[in-house]
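Notes follow the structure.
The values are calculated or read from the model by the stated rules, or taken from the named source; none is laboratory data. Note that this is a predicted model, so its numbers are computed, not measured. As a convention, Cβ positions derive from the backbone with ideal geometry for all residues, glycine included, and neighbour counts pool all protein chains shown.
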Amino acid sequence: MVCSVLVAQSVRGVVRNEFDEPVPFANVFVRQTGSGTVTGDAGEYELNFRIDGEYELTFSSLGYESRTITLVVRLEPQTYDVRLLTSGVELEQITVSAAGRDPAYAIIREMIARKDANAGSIGSYQTEVYVKAVEKVEDLGGKVSPQLETTAPAPPSPFSDLPSVAPGELLDRLNMVEMKLILSHALPRHYKEERIAYESYGDTRGLYVPVFAETDFNFYRNLISLPGISLAPVISPLSQTSVLTYAFKLLDSDVDDGQVVYRIQVTPRKEGNSTVSGILHVNAADYSINRLDFTLPAGGLLIADRFRITQRYDRTEDGRWYVGEQVFDYTSRQGKKKTFHGTTTLSYTDYTPDVTFPDKFFGNEVAVTTAEAYVRDSTYWNRGRTVALTEEEKRMVYLRDSVKAVVTSPAYRDSMERLYNRITLLELALDGVGFRDYRKQRQWYVGPVTDLIDLSPVGGWRVGPYLSTYRRLPNGKEINLSGTFSLGLKNMDLQGKVFGWHRYDPFHLGDVSFWIGREFEAFNPNDAYLNQLKASNYYLKEMADIGSHRELLNGLYVQVHASLADRRPITGLETGSILDEIITDEDAPVDFERYQAFVSDLSVRYTPAQRYLREPTRKVVLGSDWPTFGLTYRRGWSTVLSSDIRFDYLQFSIDQQFNLGALGQSSYRLVGGTFTNTEDLRFVDIRRFRESDPLLLSDPLQTFQALNSSIATSGPHLEFHYLHHFSGALINNIPLLKKTRIQTVVGAGALYLQQDGYRYQELLAGIERVFKVGARRRLRVGLYGVTADDTISSSEVTYKVSFDLIDVWNKDFRF
C-alpha cells in the first residue's frame, strides 16, 4: 500500500496497471464521505469535493492490490493517475465475454469459487421467521365466472364456510396469512420448522407460503427447485456452468454500510423456463451475495403470470452473511377485469449460528404446527410482527376479527342454520336439500330431483334418490354415510347400495369402511369408455365389503379388504337402452352359473424417507426422493361363507417421479404379477388390461394407448410405463417455437404375458400447451402420436388428444 499527500478541489485521472493498460470498472472509495465512483471503460475517474479537508481515497479492482492515498482538498483542480499492481489472483483463469472484458465475469467466477464457503459461513443455525403473505384483488368491473375461483380442490368441511356478510369492499379484495416459526438448519440441506403461530384472513388459496424442506431459494446452489411455482428448476447464476446460460454485465459499484458492493445485471443468453433475469449485488470483500432481485420466466410458471424473488443478506458481528429477508411478488390474472397481486415476505431475526443439534433432530418430519399456533391473540401478533402491517391491512384484520366474533356467535349460527335448513322449490329441483347441525358438526343431504334419473348401460333409465350424512369431530375424526336406491323402468328391478366411511386416526390416515348393496358391475371397471357403455361388459352382484387402511410407520401403508358377493349373469334381463343408438354392442351378455365369491385383499405400500408436515390433528405428506414399493396379495376362498372359488394372486409394483434438473421431469411405473393358484379361477377374477380409447389419451402411467382390444390373462405378466415432460427444455432451443410456450413430452410402454408369449410395446411423443381458464386454474391440452406393435399385428401409428385440469391443491397435473 502506497500513501501520498495532494492539494486539490476536484481530482480526476486514469487508473492503469503495471503494463500501462487502463483498468476499467475499478472502485474509487472515499472513506470520510462513504461514497465513491467507478472508473470508465478507459480507466478514467473524477471526484468532486464540496468541503475542504483531508480525505483518504482507496483504489481497488479484482485481481489487483488495493492502493490508498491521502488527499488534502484546497482550490486547485488536480490530475492524479494511479497505477495498480496485479495480485495473486489468476486472472487468466477467469472467463471473459467474447464481446469484451466486462469484469462481471471475473466477479462471478470468483463467487463460484468461493460459494461453498460463503453458503456455509453461518454453519448450522436456528432463527425465528415471521411470514406475511398478502393478496390484493383488483377488480376493474365486469362479470367474473365464480366457479373458476371458488371451486375447492378438495371437499372442505361444510362447517368451515358458514355464510357471512362482508362489511365492505376491503374484505372482498384483501386476503392474508401470518405465520411465525422457528427454523432450524444443518448443513448441507436439513431443515425443520416449528410453526408457533398461524392466522389466516379470507380466501388464502392463492397465497404462496414456502416449505423450506421443499425449496429454500438458495442461489448458491447450482439448481433451485421450485415445486408449485415453476414447471422446471431454475439454473442459478452461480452454477458451475452459468457462463453458458447467462450473460453478465457490471453496472456499477456502491458503498453499503461500509462495504463496496458490485451491481451485476444477469441476463439469460436465450429465453427458457429454467433461467432467471435481474440484478445481483455482490460484496466485494468476500464475493458473497449482498442482495438479489430476480424474475422467473413467465413460460415456466404453473399458476402465476409473473413471479419475482428478492433477497437481502445481513451480516453478523463477526462478518458472516445470512439471509435477512426474502420477498416473493406474484401476479395472476383472470381475463381483463380481475387481477390477483400477491406478496409473501419472510423476515429472519434472532439468528443463532453454529448450533449443535442433537442426534436424529432432523428427519422426515420437516415441519410441525403446534396446537397453540391457531389460538394466538392480537396481543401476541402486535408484539411478534417484524414486518409492520399497512394501514389497509390493519383495518382488514380489525374487520375480519369483528366479523369472526359475530359469525361464530350462537345467535348468528342459529340464524344461518335456520336459513340453510329451509327448503325451497328451486333447491329441491336443482341443488338438493341440506340440513346442518353446527353444534354436533353434522350434515344431512338429499339429492335434487334432477339426480333422481340415471341412465344405466343395462336396461336404460333408472329412478331413485341419493342421501348422505357427514360429521366432523373437533379432533379431526370424520364419519361419512351415503346411500342410493333405484328402480329400473324396463325390468322393474330394485337396486341400491349403502357406503360408510370413518376416519378414526387422522394423523396416520387410519380409516375403516363398508359397502353393501346390489348393482350392475363391469367385468373390467377400468376398461375403455365405450366398452363401459356396452351391456355385455356387465354382470349383477349383491355384495358386502369391509376394509381398513392405515399408516403403520412413516411411509408404510397397509390396506385390507374382504368381500362376499353373490354373482349372477344378466341374461334374464332386458338390456336394451338408448345407448344402443350410440354404440353397437355385438356381444351377448356373458352367461355363467350363479355362484358366491369370498375374496380378501392385503396391500402393503412403502415409500422410504417420506417427508411430511405435522398438524395438530392431521399429517400432510410432501413426497420422497425414493420410489414407492407395493405388494398385493389377493385370495379367493373356497367353502368359507359358502364361497365357490379358489385362487391366489400376487402382484408387486414400483413407481416414482423424479426431476432431471433443467431437462424436465420423469415418471415410471413397473408392475408384475402372477396367479400362484388357479384351482377355481372365474371369469370375473382374471387379470385384465384396459383397451385403449379412440382419440382420447388415457393416463400413460396406468394404461396403454394402442391396445386394440381388452387383454386378459391367468398367468404371469409384466408391464412398464415411462413418461418424461421436458418442461420446455427442447422447445427453448428453437427461436420461433419457444414463444408459443409449447412443451414436449415422450413416453414408452411395454407389456409381456407368459401365456402365448405375448408382447406389446409402444412409443409416445407429443406436444402440450397450458392455457389459463381462470386466475388459478390451468388447462393442459396435448396432441400426441403413438406407434405400437405386438406379436399379433404389425406396427401402426395412432394420434391422441388430452385435456387435463390442474389440481390447484397439489399444483400439479394428473400425469
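For segment 252-274, what are the residues that are modelled with pLDDT under 90 and farther than 30 Å from Glu317 by Cβ?
Arg269, Lys270, Glu271, Gly272, Asn273, Ser274
Could you please tell me which pairs satisfy a Cβ distance under 9 Å, a separation of 6+ or placement on different chains, a first residue in segment 15-32 that is in a loop (DSSP other than H, G, I, E, B) and buried (at least 18 other Cβ atoms within 10 Å of the Cβ), and a second residue that is at pLDDT below 80 and among the polar types (S, T, N, Q)?
Val23/Ser61; Pro24/Ser61; Phe25/Ser61; Ala26/Ser61
Considering only residues that are hydroxyl-bearing (Ser, Thr, Tyr) and closer than 21 Å to His724 by Cα, look in segment 785-804 and name the one that is surrounded by the most Cβ atoms within 10 Å (Cβ to Cβ).
Top of the filtered list is Ser802.
What do you reckon, is Val211 surrounded by 22 or more Cβ atoms within 10 Å (Cβ to Cβ), of a type outside the set (Phe, Trp, Tyr) and in contact with a Phe, Trp or Tyr (Cβ under 9 Å, 6 or more places away or on another chain)?
Taking the combined requirement at face value, the residue does not satisfy it.
Which residue, of Gln657, Gln705, is surrounded by fewer than 19 Cβ atoms within 10 Å (Cβ to Cβ), closer than 30 Å to Tyr606 by Cβ and of a type outside the set (A, V, I, L, M, F, W, C)?
It is Gln657.
Go through segment 23-76 and report how many residues are in contact with a helix residue (DSSP H, G or I) (Cβ under 8 Å, 6 or more places away or on another chain) and on the phi > 0 side of the Ramachandran plot.
Final tally of qualifying residues: 1.
I'd like the full set of residues that are of a type in the set (Phe, Trp, Tyr) and either crowded, with 16+ Cβ neighbours inside 10 Å or assigned to a strand (DSSP E or B) (or both), limited to segment 805-815.
Within segment 805-815, Phe813, Phe815 meet the criteria.
Can you pull out the residues in segment 579-631 that are β-branched (Val, Ile, Thr) and in contact with a strand residue (DSSP E or B) (Cβ under 6 Å, 6 or more places away or on another chain)?
Val599, Val604, Thr607, Val620, Val621, Thr628
Kindly check whether there is at least one residue in segment 770-784 that is surrounded by fewer than 17 Cβ atoms within 10 Å (Cβ to Cβ), farther than 26 Å from Glu214 by Cβ, basic (Lys, Arg) and modelled with pLDDT under 95.
no
Pick from segment 525-537 the residues that are more than 33 Å from the chain's Cα centre (by Cα) and in a loop (DSSP other than H, G, I, E, B): which of them is nearest to Glu574 (Cα to Cα)?
The selected residue is Lys534.
Which of the numbered conditions does Asp756 fail, given that it passes all the others? Conditions: (1) over 30 Å from Ile235 (Cβ atoms); (2) of a type outside the set (A, V, I, L, M); (3) buried (at least 19 other Cβ atoms within 10 Å of the Cβ).
(3)
Within segment 637-651, identify whether any single residue is surrounded by fewer than 19 Cβ atoms within 10 Å (Cβ to Cβ), in contact (Cβ under 8 Å) with a residue 40 or more places away in the chain and within 30 Å of Glu796 (Cα to Cα), and answer yes or no.
The answer is no, given that none of the residues of segment 637-651 is surrounded by fewer than 19 Cβ atoms within 10 Å (Cβ to Cβ), in contact (Cβ under 8 Å) with a residue 40 or more places away in the chain and within 30 Å of Glu796 (Cα to Cα).
At least 2 residues that are touching an Asp or Glu at 6+ places or on another chain (Cβ under 9 Å) in each: list the strands (runs of 3 or more DSSP E) lying fully within segment 409-503 that qualify.
Per the criteria, 433-437, 442-446, 460-463, 466-472, 478-488.
So which residues in segment 194-228 are out of contact with any helix residue (DSSP H, G or I) (no Cβ under 6 Å at 6 or more places or on another chain), closer than 21 Å to Val323 by Cα and aliphatic (A, V, I, L, M)?
Those that are out of contact with any helix residue (DSSP H, G or I) (no Cβ under 6 Å at 6 or more places or on another chain), closer than 21 Å to Val323 by Cα and aliphatic (A, V, I, L, M): Val209, Val211, Ala213, Ile224, Leu226.
Would you point out which residue out of Asp527, Asp511, Asp545 is at pLDDT below 95 and of a type in the set (Asp, Glu)?
The conditions single out Asp527.
Quick test for you: out of Thr68, Thr95, pick the one residue that is more than 30 Å from Ser184 (Cβ to Cβ), β-branched (Val, Ile, Thr) and at pLDDT below 80.
Going through Thr68, Thr95 in turn, just one is more than 30 Å from Ser184 (Cβ to Cβ), β-branched (Val, Ile, Thr) and at pLDDT below 80: Thr95.
Residues are listed down the side, and each one gets a yes or a no for (1) within 37 Å of the chain's Cα centre (by Cα); (2) surrounded by fewer than 17 Cβ atoms within 10 Å (Cβ to Cβ):
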| residue | (1), (2) |
| --- | --- |
| Lys440 | yes, yes |
| Gln443 | yes, no |
| Asp451 | yes, yes |
| Pro457 | no, no |
| Leu467 | yes, yes |
| Pro474 | yes, yes |
| Lys477 | yes, yes |
| Asn480 | yes, no |
| Phe485 | no, no |
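Any chance you could count how many residues in segment 586-629 are over 30 Å from Phe523 (Cα atoms) and either part of a strand (DSSP E or B) or without any contact (Cβ under 8 Å) to a residue 40 or more places away in the chain (or both)?
12
Any chance you could count how many residues in segment 358-401 are part of a loop (DSSP other than H, G, I, E, B) and farther than 22 Å from Val327 by Cβ?
10
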